[in-house]
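Q: One structure is given below, represented as C-alpha cells, and several questions about it will come after.
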C-alpha cells in the first residue's frame, strides 16, 4: 500500500490547489502543467519505454487540437467532443504512419516524426478552406472560471499517469522495454516488434491528441504556428520527458512542473522582476526583451545540464540526487 | 519426416555463398553439434533457421511446420528458441524481468509468466542474480541468461550459439551440465561450439561445415577422424602427413 501514499497525498493537494490559490494566473499555469504531464506521459510511452524517440509530438497534439476546433467551427458540435475525437484522430494519424516507419530501425522513426510534424503544420497552413490557415480558429470558451478546465486537465493528467503505470507493469510494458533494450533479442523471444511498437505509438498519440483537444477548449484559439510548433510542443515534450526522467512513471510530472516554470520565468522576464529593474533604462528594456525571447536557449542549457549531471532525469536519478544533497549537508555540518 | 530438417539451404550475401546447399536432419531429443572453422557459416545457419535472414534457396521444416518464410517471432512461437553468440541481454532490466518478458509468450497472465520465469531461473541456476541488472552480470552468467531467456519461451528445439566460448574450464563444465539437463527435460538441441571438448562430449551427432558447405556428418568419433575435418581445422599440410 505504501506505494500509493505519496501519489494520493499529491493528488489531494492538486485537488485542493485552486481553492488555496485564488490567482487566475497561477491556476492558468497549473492547467498548462497538467496538460504537459499528459503530453509528457504520452511521449514517455513511445520514447522512454519503447525507445523510439518521438520528435514530432506536435503532429499528434495539433491534430487533436484541430479536431476539436474544426468540430465547432465547421459542424457546430461542442469542442468538448474534440477531446475524445482528438485522441482518436491522433491515433488514426499514428496508425499508417507507424505501420510504414516501424519497418525500419534506428534513427529513421525520429526523423520521420520530425517530418510528420512539419508536414502537418504545412497542411494546416495551406489548406485554408478547411483550417483558415495562418488566421487560426477561434473557439468560444465554455467556462469563464478556470476551475472546470483545471479539473478536466487534472483528470487527463491523472488518467495518463495511471495509463502509463498500468501499461508498464503489464505484458505490454515488458515487451516495450525489451524492444527498447534489444530488438533482435525481443524478436527471438517471440515478440512481434513491429506490432508492439505500433501499440505503443498509438497509445502515445492518443494521449497527446487528447491533450491537444483540451488545449483548444482551454485556450479558445489555435493556429498552425502554435499547435504544430516544433520548439514549443515537440521539443518541449522531449524536454519534459528527459528532465523528469525517461521511462519513469512520475518523471513527466516532475518534468512538466519544471519545464513550464522555466518557460514562464523566461517568458515573463523573471515574473516581471527584470521589467521592474529596467524601469527607465533603455538598455535594460532591451535586455528584458532579449531574455523573454531567449527561452528556447534556456532549454538547450537545461538539456546540457541534465545530460551531464542527471542522465536519468530527476526521478530516475532521485536516489543519487538525495545522496548528493545529504552528503553535502553532512560535510558542511 | 525427421523432427527437424533443412533441405539444401543456401544464403548468398551479394556474390558470396555464406551457406551453400546444407541439408541435415535432427531427431527429437538429440543434441546435434555444428562445427567448422571461423567464418564457415555456423551462425549464419542459425540466423537462417530462426528467420533473422531470409533464405536464398532451400527449405526448413520443424515438427510438421514449414519454418522457412516465417518471421522470427512466429518461429519462436512454434517452438524454436535461440541464444546469440554475442550475448544480447536486455541490459537495463533485471535478470528476472528479462526472463519474465520472454515467459509472457506462453503465459496468459503476469502471475503465470512470473511463476514460469522463477522456475526457469531456478532450473538454470541464476537465482542469486535474480534481482541484479542484466548489464552487471559477468560473461558466464550473461551466457546463462541467454539460455534462461530462450528456455522461458518453452522451446521444443533450442539453438545454442557458442554458449561455452569465453568461459573458463570450470564454467564450461557447468555449461555442459546445464545443456545436458535441458536435453533431459525433453528439449532437442542444436549447438554451435568451438571448444572441441564440449562438443565432443555432449553431441549425439555432429555436422562439420567449411566455406558454407557440409564436409562431414556423423557421430563425434566419425567426424573427429574425418580427413576433411582435420584438413579444415589444421590445414592441408596435416592431411599430407597421414
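Q: Rank these for me by crowding, B:153, B:201, going from fewest to most other beta carbons within 10 Å.
A: Starting with the residue having the fewest Cβ neighbours, the order is B:201, B:153.
Q: Going 7 Å from the Cα of residue B:17 along its beta-carbon direction, which residues of the range B:33-55 have the amide nitrogen within less than 20 Å of the resulting point?
A: Flagged as within label range: B:35-49, B:53-55.
Q: Return the distance in nm (one decimal) between the two label points of a simple spin-label model at residue A:298 and residue B:27, each offset 7 Å from Cα along Cα→Cβ.
A: A separation of 7.6 nm, rounded to one decimal place.
Q: Anyone know which of A:184, A:165, A:232 comes out most mobile in the 10 Å Cα GNM of chain A?
A: A:184
Q: If you don't mind, there's one more thing I want to ask. Given chain A, report the % of alpha carbon pairs whose separation exceeds 30 Å.
A: The proportion of pairs with Cα distances above 30 Å equals 37 percent.
Q: Between residue B:92 and residue A:19, what's the calculated FRET efficiency when r is the beta-carbon distance and R0 is 51 Å? Round to 0.05.
A: Approximately 0.75, to the nearest 0.05.
Q: Please give the length that would be gained between residue B:10 and residue B:57 if that part of the chain were fully extended, namely 0.36 nm times their separation in residues minus their C-alpha to C-alpha distance (nm, one decimal).
A: Taking residue B:10 through residue B:57 to full extension adds about 16.4 nm, to one decimal.
Q: Give me the number: length gained by fully extending residue B:168 to residue B:234, i.e. 0.36 nm times residue separation minus the C-alpha to C-alpha distance, one decimal in nm.
A: My answer for the length gained is 21.4 nm.
Q: Quick one: Debye curve from the alpha-carbon atoms of the protein assembly as shown only, equal weights, vacuum; give me log10 I(q)/I(0) at q = 0.09 Å⁻¹ to two decimals.
A: -0.79
Q: Within 10 Å of each Cβ in A:166-176, how many Cβ atoms from other chains are there, averaged over the peptide? Please list the in-between numbers first.
A: Working: counts 0, 0, 0, 1, 3, 9, 1, 3, 11, 4, 1.
Average neighbour count from other chains, rounded to a whole number: 3.
Q: Let me have the 222 nm mean residue ellipticity of the protein assembly as shown computed from DSSP H runs of 4+ only, each contributing -39500 (n - 2.57), with the sum over all residues rounded to the nearest 500.
A: -18500 deg cm²/dmol
Q: Gaussian network model of chain A, Cα springs within a sub-10 Å range: biggest mean-square fluctuation belongs to which of A:241, A:98, A:56?
A: So, out of A:241, A:98, A:56, the one fluctuating most is A:98.
Q: Also: Based only on the alpha carbon positions, what is the Kirkwood hydrodynamic radius of the range A:79-212, in angstrom?
A: Hydrodynamic radius (Kirkwood, Cα pairs) of the range A:79-212 is 17.1 Å.
Q: Continuing with the same structure: Computed FRET efficiency, Cβ-Cβ of residue A:123 and residue A:165, R0 30 Å: what is it to the nearest 0.05? Don't jump to the answer; show the numbers that get you there.
A: Working: r = 35 Å, r/R0 = 1.16.
It comes to 0.30.
Q: When you look at the Cβ of every residue in B:67-79, what mean number of other chain Cβ atoms sits within 10 Å? Present the calculation step by step, with values, prior to reporting the outcome.
A: Details: counts 0, 0, 0, 0, 4, 9, 11, 3, 3, 6, 3, 1, 1.
Mean shielding by partner chains, rounded to a whole number: 3.
Q: Applying 1/(1 + (r/R0)^6) with R0 = 60 Å to the Cβ-Cβ distance of residue A:76 and residue B:131, what FRET efficiency is obtained, to the nearest 0.05? Intermediate results must be reported in sequence, preceding the final value.
A: Numbers: r = 58 Å, r/R0 = 0.97.
Calculated value: 0.55.
Q: Still on this structure: Order by neighbour count: A:296, A:144, fewest other Cβ atoms within 10 Å first, most last.
A: Values: A:296 13, A:144 7.
Arranged by neighbour count, lowest to highest, A:296, A:144 become A:144, A:296.
Each reported figure results from applying straightforward, stated rules to the coordinates on display, with no laboratory input. The model shown is predicted, which means the values in this text are computed figures rather than measured ones. As a convention, Cβ positions derive from the backbone with ideal geometry for all residues, glycine included, and neighbour counts pool all protein chains shown.
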